[in-house]
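Just below is one structure, and these are the notes that go with it.
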Amino acid sequence: MPSLEVEVKIPVDCGELNSILERLRGLGARVEGPLREEDVYLQHPCRDVIARDEAVRVRLSRGRARLTYKGPRIPRGDVKARIEVEAEASPEILEVLEALGFREALRVVKERIYASLPSASVTLDRVEGLGCFVEVEASTGDPREVEEALRLLGLDGRPRVTESYASMLAGRRGGARP
């Protein structure tokens with residue numbers, strides 16, 4: 001079932017992650033991790049998903065896989081919004097997609113801590129080759145949930161990044177941005 005992903009990404013000094021985690025715990029957030037995740041972004045054999053501002057991704061973590069399609073970005077002010085469709089799979093899904101002509105465009109490796117607040121989910125990320133970030137995603141797709149979570153975490157007013165980790169890494173490598 002498609003959903004609307006509404007999120008904000010804030011770059012932070014890696015030394016700040018522990019204090020942000022403590023604030024989350026103080027707010028009663030449920031915390032999971034750290035987990036190692038590999039996101040494999042794929043190029044479609046017949047459709048330029050990058051030029052269409054779309055993404056096809058397989059996330060590998062804990063011996064499982066999650067296939068995700070992300071639609072083009074939808075203007076929503078200071079937050080990033082896009083349609084997202086996800087499905088659980090086994091890691092062999094990559095072999096199936098490669099047999100169908102999909103090719104790996106980029107791989108993003110990160111260590112991630114998940115935290116759940118009543119109206120938003122928060123991830124604390126250490127991304128190989130990029131640094132550290134806090135992502136806040138609205139539970140219902142309402143941008144006000146993101147803004148409230150940022151305020152509670154003391155991150156409101158910080159610079160925001162609208163690019164995906166894949167786009168940022170591709171830019172650093174001089175490649176096409178997934």
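Consider Lys110 carefully, then state whether it is at pLDDT below 90 and part of a strand (DSSP E or B). Here the answer is no, as Lys110 does not meet what is asked. Looking across the range 71-88, just one residue is exposed (fewer than 15 other Cβ atoms within 10 Å of the Cβ), of a type in the set (Gly, Ala, Ser) and either at pLDDT below 95 or touching a Pro at 6+ places or on another chain (Cβ under 9 Å) (or both), and that is Gly77.
Quick one: Pro91 ticks every box in (1) surrounded by fewer than 19 Cβ atoms within 10 Å (Cβ to Cβ); (2) not in a loop (DSSP other than H, G, I, E, B) bar one, so which box is it? If we test Pro91 against (1) surrounded by fewer than 19 Cβ atoms within 10 Å (Cβ to Cβ); (2) not in a loop (DSSP other than H, G, I, E, B), just (2) comes out false.
Please go through the range 39-70 and give me each residue that is farther than 17 Å from Lys110 by Cα, in contact (Cβ under 8 Å) with a residue 60 or more places away in the chain, of a type outside the set (A, V, I, L, M) and touching a Pro at 6+ places or on another chain (Cβ under 8 Å), ordered by number. Of everything in the range 39-70, just one residue is farther than 17 Å from Lys110 by Cα, in contact (Cβ under 8 Å) with a residue 60 or more places away in the chain, of a type outside the set (A, V, I, L, M) and touching a Pro at 6+ places or on another chain (Cβ under 8 Å), namely Gln43. For the range 113-165, a residue qualifies if it is out of contact with any helix residue (DSSP H, G or I) (no Cβ under 8 Å at 6 or more places or on another chain), closer than 16 Å to Asp39 by Cβ and not in a strand (DSSP E or B), and the qualifying residues are Glu128, Ser164, Tyr165.
Just so you know, in the range 1-27 the residues that are touching a Leu at 6+ places or on another chain (Cβ under 8 Å) and not in a strand (DSSP E or B) include one that is surrounded by the most Cβ atoms within 10 Å (Cβ to Cβ), and it is Leu24.
When Ala65, Ala149 are screened for being closer than 28 Å to Gln43 by Cα, at pLDDT 90 or above and over 13 Å from the mean Cα position of the chain (by Cα), only Ala65 passes.
The values are calculated or read from the model by the stated rules, or taken from the named source; none is laboratory data. In this text, all values refer to a predicted model and were calculated from it rather than measured experimentally. All Cβ positions, even for glycine, are placed from backbone atoms using ideal geometry, and neighbour counts span all protein chains on display.
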